[in-house]
1. For the stretch 186-328, give the magnitude of the charge dipole about the Cα centre (Cβ charges: +1 Lys/Arg, -1 Asp/Glu; no others), in debye to the nearest 20.
2. Suppose accessible area is computed on protein heavy atoms with a 1.4 Å probe; arrange 220, 301 from highest to lowest.
3. First select every other residue whose beta carbon is under 15 angstrom from the beta carbon of residue 227; then total the charges, Lys and Arg +1, Asp and Glu -1.
4. For 174, 140, what's the largest-to-smallest order of accessible area, 1.4 Å probe?
5. Please compute the modelled spin-label separation between residue 263 and residue 115, points set 7 Å along Cα→Cβ, answer in nm with one decimal.
6. Would you mind counting up the charge near residue 128? Only other residues with Cβ under 13 Å from its Cβ, with Lys and Arg at +1 and Asp and Glu at -1.
7. Please compare each pair in 100/200; 132/215; 218/304 to a cut-off of 31 Å on the Cα-Cα distance and tell me which ones are over it.
8. Size of the dipole of the stretch 130-201 about the Cα centre, Lys and Arg at +1 and Asp and Glu at -1 on the beta carbon, nothing else charged, in debye to 20?
Amino acid sequence: MAAPELQAPSCQQPTWRAEGALDGAAGAAPPTLKMAAVTMRLPVARKAVGPSAPRGGEKHLVAPGDTITTDTGYMRGHGTYVEEEKLIASVAGAVERVNKLVCVRALKTRYNGEVGDIVVGRITEVQQKRWKVETNSRLDSVLLLSSMNLPGGELRRRSAEDELAMRDYLQEGDLISAEVQSVFSDGAVSLHTRSLKYGKLGQGVLVQVSPSLVKRQKTHFHDLPCGASVILGNNGFIWIYPTPEQKDEEAGGFTTNLEPVPLSDREVISRLRNCIVALVTQNLMLFDTSILYCYEASLSHQIKDILKPEVMEEIVLETRQRLLDLEG
């Protein structure tokens, strides 16, 4: 029996094959078994990864029970409490100071809505004159019938016929993009889709990440030069879809293109999805530049290989270095 030969990097089952099989002739030599080459991934030394915090100071991270400050001049904000004249953290996260107000922003938490946020949500229930929307928050969000554009962008009062046709507009399971209009006292969020850039989403891929990893920007709708577009929801829902050739301004946000997506576009969307998963695994902030840099760094690898730990570290390390060079 030949000794197995080691190669890297992949995992396959060893296969046996017989050589010199018996042909029925007298005195024929018995068959000999040989094992094909066994391929397996071997551990490699990991590269040292530099700090991902932006230049200008490390974030002050605290754990529950840590003392933030003993100065009595500070005001207590979210994620903190006062005990024995000391301001103590009640959640694990980064300390943020706004003048005299001190709060702790949790690193992993449910989405806390703020007015003006862009969110991606899924319709969970159709109720009287409203839809319930899942937006990764503690409570279901609400989209009122009066807070949305009618098909075609028509401006008029909502009638009983519109209320009966609500399920024709949006039904359970539909994905939408919307903006936070207001936040109720219990933390629930009220949405609106009064702009033609919001509305029902068509064909694409949804990726769910932690809301704390989505960077707040002026716009969260990005058309990437690689041929796909992304909606970076502040609630941690990211929608990747093929860039439309022409914007349909008269659709009112309800017509969805159900034409088959070409293979090239599906490959770009799959690569972007794996790049976002890689960035989230390495705790790198998500915004258009970081996603694009990670996409360019992954072009030398196959799409399925991006999720391998060593490849993930390699492309995220290159992305982090390019972002640091960009900051100067």
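The values are calculated or read from the model by the stated rules, or taken from the named source; none is laboratory data. Values in this document were obtained by computation on a predicted structure and should not be read as measured data. Methodologically, a virtual Cβ is constructed for each residue, glycine included, from the backbone with ideal geometry; neighbour enumeration extends over all protein chains shown. Protein only, heavy atoms only, side chains kept; ligands, DNA and RNA dropped before computing areas. Shrake-Rupley method; radii C 1.70, N 1.55, O 1.52, S 1.80 Å.
1. 380
2. Final ranking, largest accessible area leading: 301, 220.
3. -3
4. Sorted by accessible area, descending: 140, 174.
5. 5.2
6. Local net charge: +2.
7. As for pairs spanning more than 31 Å Cα to Cα, those are 100/200; 218/304.
8. That gives the stretch 130-201 a dipole magnitude of about 220 debye.
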